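Student: First the structure, then my questions, so here it is.
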Amino acid sequence: MLQKKNLWWLVAFGALGLFPVLVTNPTYTTIGVFTIIFMACATSWNMFSGYSGYIALGSAVFYGSGAYTMALLSIHLHMAAGSELFALVPVGGLVAMVMAVPIGWIALRVRRHTFVVITIAVFFIFQLSAINFGFTGGTSGLNLPFITWGFQNYNTPFYYVGLGLTIFVTLVSALVRRSRFGLQLLAIRDDEDRAMGLGVKVTAVKITGFTMSAFTVGAAGALYAMFVGQIYPQFVFDPMFDVSIALMAFLGGLGTLSGPLLGALILEASQQYLTVTYSNGSLYLILFGALFLVVIIFMPQGIVTFIRDRVSRRAERERAAVAANDAPPSPTTPVEGVAVGGTH
Amino acid sequence: MNTVALLSAAKDGILTGSVYALMATGLTLIFGVMDIINIAQGILVILGAYLSYALQVHWHIDLFVGLLITIPAMFVVGIVIERLFIGRLKGPERTAMSILVTYAVSLLIEGGLNMVFSVNDVQLQGWYVTRSFAIGQVHFGYIYVAGFILAGVLLGALYFMLYRTRFGMSVRASLADQTSAALVGIDVKRVSTITFGVGIAVTAAGGMIYGATNAFNASSSYDLISRLLTIIVLGGMGSLGGAMFAGILMVFVGDMVGVIWSPVWSSLSYFVVLVLVLLWRPQGLFGKQSARIA
């Protein structure tokens, strides 16, 4: 059973790996790079918020920190504009983790509802700082060294680094899910007071989870900065980013392993496609909002959980049917019972 | 620092802050009674402002007279949103889901407003918008004073409704404990729906004043909702007096920072104040610390 499941994962990641080989049109491979970046971010977000139930709406803080790390280091260290820059991707992740410790310490002093709002407030502190401080270049943004490899294969290296991040965070997320630490996060989600009563060091566990989930988002932000070549505060510290990755996880299935990947694949790919095709922002907002509502109202558990429930229910029904056929016929069937009752 | 700047900041804090307090009261009331965080409050303020704008441009209706139409209209909008979407949310993740649902609603409205009114900034007009009078060296814009009075009247009406009527008693009972309220025979569902409507209705008045004192478009809602959320968390979620106090404090601090350092830092100061206060009081200034919080 477990073997079959692992095989599915291999097939899925294999298909993702083949994408740039099969599709060479730069328009679509660009969509691919953005999608893979969001798959990594949504999975990373889910590793803390999905498991612990603490919905964070300020992950753009880490995304932006990673992006600015990439931009500032590559500019000030006068780095050559080639694949060396990929070395800064994990650095972006580490900077994001360093940021996450004090933010987590402050934001996780309160319980869920207030936590959401504090993450939003911290997000605005970062966005406004990036706009107002001098070293970030303000609203005119920063230009990164211009990547020198050719236009035709420009997207491919970014795609594979992004895929590497996605695989990395999926593995970490799977390991966390099975570990004692992951169970502690789930216990916090189910009943924090009881978890505390049973000896879970809730504050330490929450801050650790929050910090771990910052890494991949920061690294993805660094990759994004390198990919697009110039960054602006309003794009790397984007409120839509915060909500999008949360929505991706909800759409796929909050707290599941494959849910955020599926959600990101569906949402980001369709968003990019719609933007390229229609370029009408307002229409897109309406479609996005409507899709969002339909999913939450009709599949509040997310796609993965919805399908899993259906499959297991059907399996149960089949098992019940098989059991009913195998069982010896009961001495009095209900129909006969009714007939007997009718003769009175 | 000079006294005039300090007085001006205090004046702005009280006049503009009370309008924010009015909008935030709707938000904190909805949260307190229903455990719903209404992210759409920001865009609904803008919708209220655009309704006043449409009445003004197409039928030449004065802004304050228009409120007689826009407040009931926004009440109905609130009821419809509650019936269609919010009322369907169930289960332990209800509050988290409400953030996403109301965000989706807000995207729908934002897209719609962009289509109908375009993304160009507009501002509401009236003879009182541009004029002001002075007491000493402190200038008072008529619209700000009118906004303050309007907010005062509506908050007073809200207070009267909550503390002097039978319906208000059921709202406060639901605020305190939904299960017990249901046990003593209160129709919590009906109370929730009406509370949501009332919480949204105040955005019509808040939006009109906001639209007359700021140039706005649909994306102004992001700035608004972040301020409103900051206000209700600072005041203590579910606390009506807290929202009032925090609204005034926020604008006052923002103005002071603008005067002392630079206006670019004033919006940042709200969030810094929030974080500092929460370090000291995680439940907000007037929030209740209960033993078990979900």
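Student: Roughly how tilted is helix B:142-164, in degrees to the nearest 10 and between 0 and 90, from the longest Cα axis of chain B?
Tutor: 20
Student: Mind giving me the FRET efficiency for A:Ala321 and B:Thr165? R0 is 41 Å, r the Cβ-Cβ distance, nearest 0.05 is fine.
Tutor: E(calc), rounded to 0.05, equals 0.10.
Student: I've got another one for you. For the stretch B:56-206, how big is the tail of P(r) above 25 Å, as a whole percent of Cα pairs?
Tutor: That fraction is 46 percent.
Student: Now for a different question. Tell me, what is the FRET efficiency for B:Gln137 and B:Ala215 to the nearest 0.05, using R0 = 35 angstrom and their Cβ-Cβ distance as r?
Tutor: Working: r = 27 Å, r/R0 = 0.76.
Given R0 = 35 Å and the Cβ-Cβ separation, E is 0.85.
Student: For chain B, with equal point scatterers placed on the C-alpha atoms only and solvent neglected, what are the log10 I(q)/I(0) values from the Debye formula at q = 0.09 1/Å, to two decimals?
Tutor: The computed values of log10 I(q)/I(0) come out as -0.43.
Student: Roughly how many nanometres apart are two label points built 7 Å out from the Cα toward the Cβ at A:Phe298 and B:His58?
Tutor: 3.2
Student: Once you sort the root eigenvalues of the Cα gyration tensor of chain A as a ≥ b ≥ c, which label holds: rounded (a/c under 1.5), prolate (a/b larger than b/c) or oblate (the other case)?
Tutor: Note, shape of chain A comes out prolate.
Student: Also, quick follow-up: Rounded to the nearest 0.05, what FRET efficiency do B:Trp280 and A:Lys4 have when you use their Cβ-Cβ distance and R0 = 56 Å?
Tutor: 0.55
Student: If each of B:Ile14 and A:Ala290 carries a label point 7 Å out from its Cα toward its Cβ, how far apart are those two points in nm?
Tutor: Going by the 7 Å Cα→Cβ label model, 5.0 nm.
Student: Find how many whole Å separate the alpha carbon centroid of the stretch B:44-71 from the alpha carbon centroid of the stretch A:138-168.
Tutor: Rounded to whole Å, the Cα centres lie 48 Å apart.
Student: Straight distance only, please: which lysines reach the Cα of B:Lys189 with their own Cα at less than 28 Å, same-chain residues fewer than 8 apart left out?
Tutor: Within the straight-line limit of under 28 Å, B:Lys189 reaches these lysines: B:Lys90, B:Lys288.
Student: Compute the helix-to-body angle for B:188-213: its Cα long axis versus the longest principal axis of chain B, expressed 0 to 90° and rounded to tens.
Tutor: 10
Student: How much length is gained if the chain between A:Phe19 and A:Ile75 is pulled fully straight, taking 0.36 nm per residue apart and subtracting their Cα-Cα distance, in nm to one decimal? Don't skip to the answer; put the middle values down first.
Tutor: Numbers: separation 56, 0.36 × 56 = 20.16 nm, distance 3.20 nm.
The span from A:Phe19 to A:Ile75 would gain 17.0 nm if fully extended.
Student: Treating the beta-carbon of each Lys and Arg as +1 and of each Asp and Glu as -1, no other charges, what is the dipole magnitude of chain A about its Cα centre, to the nearest 20 debye? Spell out each step's value before the answer.
Tutor: Working: 18 positive and 13 negative charges, 121 e Å.
Approximately 580 debye in magnitude.
Student: What are the radius of gyration and Dmax of the stretch A:1-122, computed over its Cα atoms and given in Å?
Tutor: 18.1, 52
Student: Quickly rank A:212-219, B:156-163, A:293-300, B:193-200 as a protection proxy: mean count of other C-beta atoms within 10 Å, highest first.
Tutor: Going by the mean number of other Cβ atoms within 10 Å, highest first, we get A:212-219, B:193-200, A:293-300, B:156-163.
Student: Over 35 Å apart: what share of the alpha carbon pairs of the protein assembly as shown falls there, rounded to a whole percent?
Tutor: Every Cα pair in the protein assembly as shown considered, those over 35 Å come to 45 percent.
Student: To continue, here is another question. Among B:165-175, A:261-271, how do they line up from the highest to the lowest mean number of other beta-carbon atoms within 10 Å?
Tutor: Per-residue Cβ counts within 10 Å, averaged per peptide and sorted highest first, yield A:261-271, B:165-175.
Student: On to the next question. Would you mind checking the tilt of helix A:2-22 against the longest principal axis of the Cα atoms of chain A, expressed as 0 to 90 degrees and rounded to 10?
Tutor: Rounded to the nearest ten degrees, it is 40.
Student: Can you give me the P(r) profile for the stretch A:224-285? Cα pairs, bins 5 angstrom wide beginning at 0, each as a whole percent.
Tutor: 4, 16, 18, 23, 24, 11, 4
Student: Take A:Arg314 and B:Thr3, extend 7 Å from each Cα along the Cα→Cβ direction, and tell me the distance between the two endpoints in nm.
Tutor: 8.1
Values quoted throughout were computed directly from the atomic coordinates according to the rules given, and no laboratory measurement underlies them. These figures come from a predicted structure and were not determined experimentally. Heads up, the Cβs are rebuilt from the backbone with ideal geometry, glycines too, and the neighbour counts pull from every protein chain shown.
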